[in-house]
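A short worksheet on the structure shown next.
The values are calculated or read from the model by the stated rules, or taken from the named source; none is laboratory data. Nothing here was measured: the structure is a model prediction, and the numbers come from that model. Ideal geometry is used to build each Cβ from the backbone, glycine not excepted, and the neighbour counts take in all protein chains shown.
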Amino acid sequence: MIHELTGYADRLSVAPGGAIAFKVSTDFERYGADIVRLIHGDENGPGFKEERVAELGEFPGEKQIARAGSYGCVPHHDVLCPAGSFTLCAWVFPTAAPKGSGQGLVSKRRGASGYALGVGPDGDLTFWLGDGVRDVSVGTGLPLECRRWTRVAAVFDAARQEVRLLQAAVDRAPGPALVRPVDLSVLENDVPLLIAATGASGEPDGHFNGKIERPTLVGRALTDAEIGQLFAAPDPGSARLDLVAAWDFSVGIGTMILCDSGPHALHGTLVNAPTRAVTGHGWAGSEHHFRHAPAEYGAIHFHDDDLEDAAWKTSVTWQLPAAQRSGVYALRLTAADASDRIPFVVRPGSEKASVLLLLPTMTYLAYADESLRGLPEYRAFFQKRPMEANDLDLYLAAHPEFGLSIYDKHSDGSGVCHSSFLRPIPNMRPDYRQWQFGTPRHLAADLYLIDWLEAQGIDYHVITDHDLHHEGMSLLDPYDVVLSGTHPEYWTGAMRTGLEAYLQCGGSHMYLGGNGYYWVTSVSSERPHLIEVRRGNAGGRAWTSAPGELHHSTTGELGGLWRHRGLPPNQLVGIGFRAMGYDSVSPGYRRLPGSFDPRAAFIFEGVSDTETIGDFGLVLGGAAGDEVDSLSDDLPTPRDVIHLATATGHGDTYSPPIEEHGDVSGLSRREQWQKIRADMVYFETGHGGAVFSVGSISWCGSLSHNNYDNNVSRITGNVLRKLGGLPPGDRRPDASTTERG
């Protein structure tokens, strides 16, 4: 039997003196919990390292459930249970075949009472009605067409005791209504009205996959002509047809609010973050921003596998001491032979340091809970490298209710554009090894840098991308140098503004990774746990945004690559994404004439003129691999960039990203392949600061080689001590004190 022991925190970072709450699910009767400071996640090299900080005790176990599937919820109101006849109408755009007993479109049903308009198990428009005693379902027998806008309507005529159903694709004239006799009395209950789900079982289920637009409830039985008038009206209220409620999804885009334009203002909320800012039935293709033509963006795309918040109860809380040291921590859970570590960051308190590590939590969320769906394709392409799922991957695959990463597609084939940290994230653990590589990546790889800082005795503080996004340059300003993580790929506009302002005021930055500052990312102002990414039509992407759906619902900004917004990473750190590969690395960096420039002489102190740099390491065997960056002749780059070193010879499985191909000719492809390299650069900002960039995700995996005595470690230390104003050999007395796990 495989036992469950997992959870998540209510935030990614917490300040000294604050509190952090953890939500835990387990089938053990009891479990232990303590707080550890994370230092090194890889069992190789120096080995797994953590330091116990606080013993929290033993807690009773409880199994908690995550419920995936997005829907709208409108609180009960008496007018939603018409005493007699009524009509339901909506535009629908199904994107997947129905599952189980069907999918809900508009439902106010519990058991055998109420009503629900939806998609039956055979894919046809179906109307369920019940008065608490009798339960009736009527279907058209005509399956709704997938990915085609369709007008649907259901009429309950209490006087005639009959039901009428109409469905007609947007480009077809309505056919005759289906009429069926019924024998029902009042259809009433006190449950909420759901959109894109049913509630007959007591919990929202029967989630609809697809878009819904303008669901409308009218308080009498409309004729076919009146239904046509309602669909043709620019808004349901203008049809003057005894309107009860009309939910206008073009209002409140970017929020979780459902706005009712009807006379009773029956507003609702969205659950589990369905996709907004999507094209509706009337999108003409002439406007591509929802703010310029809101009437053409009156739809919401719902999915049965959306998850915004697992909504678990708090199980454990830690009240931090006022003097708690800044760093990367975890709640460690233990029971029998099972364990889990839920990571979080302790932000800086009143203590001082000159070095700040910016942990790339936006990127962690982008990859959070990435499924194994791409494993067969990776195995086929990278045949030289075995790619196997580890236990954390397999556990995640067994729990699809935990949601998806933005590298996945929904069950209906559409791209996942939201990711949340309010759910278990098994692949955000200190000991996680990514199945593509068999080596640590993201948080686990960033611990290589934490371990090195500890081994060098350098005082440092840690903040998250989310901290920088919400608070800006003021968080960076006290520090002489800001370090990146190994893969700061996803950046918001606020983060970029904060770092640029810091550099303009004389701060320094060490970019110690690859493929950074690449994808435009946004964060909802009302839901800070949720990020949004639109893939656009370029870049190395797992899916492509649909036409007209390139702008973020949360901010309205154009999604895709920062490069295509005129803000490439090259402009910020001198280099930009050049290539990716997963089965090898370069034989190492070689020094270039620029490395002998007097301005850069300090970087190579202790490194000979001819030695190879980084032909060793814990990630793929070297310091220049995975995803690599280089200088560009075509993109804006700061003046006086010094090209220090370059790493080439990555192998034939490395390929440039799509945006590097100007055309499809063989010549262009050959030219791009010849440019594959990782470049090390340095430049002074002109404001008293400087930027040092290494252009490789795997760089930090080489820091601990030979007990930290190697040229990657030496170069990194030379730069950090210079930019951070640190004296050589500055060490804390307790720098090597750790508990090995």
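Of all the residues in segment 327-365, those that are among the basic types (K, R), touching a Leu at 6+ places or on another chain (Cβ under 8 Å) and not in a strand (DSSP E or B) number 0. Beta carbons closer than 6 Å, at least 6 apart along the sequence or on distinct chains, pair a first residue in segment 218-247 that is under 24 Å from S107 (Cβ atoms) with a second that is of a type in the set (D, E) and outside any loop (DSSP other than H, G, I, E, B) for A221/D157; L241/E226; A245/D260; W247/D260.
Would you confirm whether or not segment 179-186 contains a residue that is surrounded by 17 or more Cβ atoms within 10 Å (Cβ to Cβ) and either within 29 Å of R67 (Cβ to Cβ) or free of Cβ contacts under 8 Å to residues at least 40 places away in the same chain (or both)? No, segment 179-186 contains no residue that is surrounded by 17 or more Cβ atoms within 10 Å (Cβ to Cβ) and either within 29 Å of R67 (Cβ to Cβ) or free of Cβ contacts under 8 Å to residues at least 40 places away in the same chain (or both).
Table: residues versus (1) small (G, A, S); (2) touching a residue at least 60 places away in the same chain (Cβ under 8 Å); (3) farther than 30 Å from S113 by Cα.
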| residue | (1), (2), (3) |
| --- | --- |
| S13 | yes, yes, yes |
| I20 | no, yes, yes |
| A33 | yes, yes, yes |
| A54 | yes, yes, yes |
| D78 | no, no, no |
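Just one of (1) assigned to a strand (DSSP E or B); (2) surrounded by 23 or more Cβ atoms within 10 Å (Cβ to Cβ) fails for D42. It is (1). Working only within segment 35-52, note down all residues that are over 30 Å from the mean Cα position of the chain (by Cα) and either closer than 21 Å to Q319 by Cβ or free of Cβ contacts under 8 Å to residues at least 40 places away in the same chain (or both). Hit for segment 35-52 is R52, nothing else.
Here G199, G175 are screened, and the one residue that is modelled with pLDDT under 95 and either under 23 Å from G282 (Cβ atoms) or touching a Cys at 6+ places or on another chain (Cβ under 6 Å) (or both) is G175. Only a single item in (1) modelled with pLDDT of 95 or more; (2) closer than 30 Å to S545 by Cα; (3) of a type in the set (A, V, I, L, M, F, W, C) is not met by W452, and it is number (2). What do you reckon, is F22 under 26 Å from the mean Cα position of the chain (by Cα), surrounded by 17 or more Cβ atoms within 10 Å (Cβ to Cβ) and not polar (S, T, N, Q)? For F22, the condition - under 26 Å from the mean Cα position of the chain (by Cα), surrounded by 17 or more Cβ atoms within 10 Å (Cβ to Cβ) and not polar (S, T, N, Q) - is met. If you go through segment 611-618 one residue at a time, do you hit one that is within 28 Å of the chain's Cα centre (by Cα) and in contact (Cβ under 8 Å) with a residue 12 or more places away in the chain? So far as segment 611-618 goes, yes, one or more of its residues are within 28 Å of the chain's Cα centre (by Cα) and in contact (Cβ under 8 Å) with a residue 12 or more places away in the chain. Only one of the listed residues (L270, L266) is touching a strand residue (DSSP E or B) at 6+ places or on another chain (Cβ under 6 Å), under 19 Å from G237 (Cβ atoms) and of a type in the set (A, V, I, L, M, F, W, C). That residue is L266.
Filtering segment 551-601 to residues that are in a strand (DSSP E or B) and among the basic types (K, R) leaves R578, R590, R591. The sole residue among A368, A335, A330 that is farther than 26 Å from H442 by Cα, touching a strand residue (DSSP E or B) at 6+ places or on another chain (Cβ under 8 Å) and either in the same structural domain as I425 (by TED's automatic domain parsing) or of a type outside the set (V, I, T) (or both) is A335.
I'd like the full set of residues that are more than 25 Å from G689 (Cβ to Cβ), under 29 Å from the mean Cα position of the chain (by Cα) and in a loop (DSSP other than H, G, I, E, B), limited to segment 624-661. Listed by number, the residues that qualify are A624, T653, Y654, P656, P657, H661. Of the strands (runs of 3 or more DSSP E) lying entirely inside segment 422-534, those containing at least 1 residues that are surrounded by 23 or more Cβ atoms within 10 Å (Cβ to Cβ) and without any contact (Cβ under 8 Å) to a residue 60 or more places away in the chain span 519-523.
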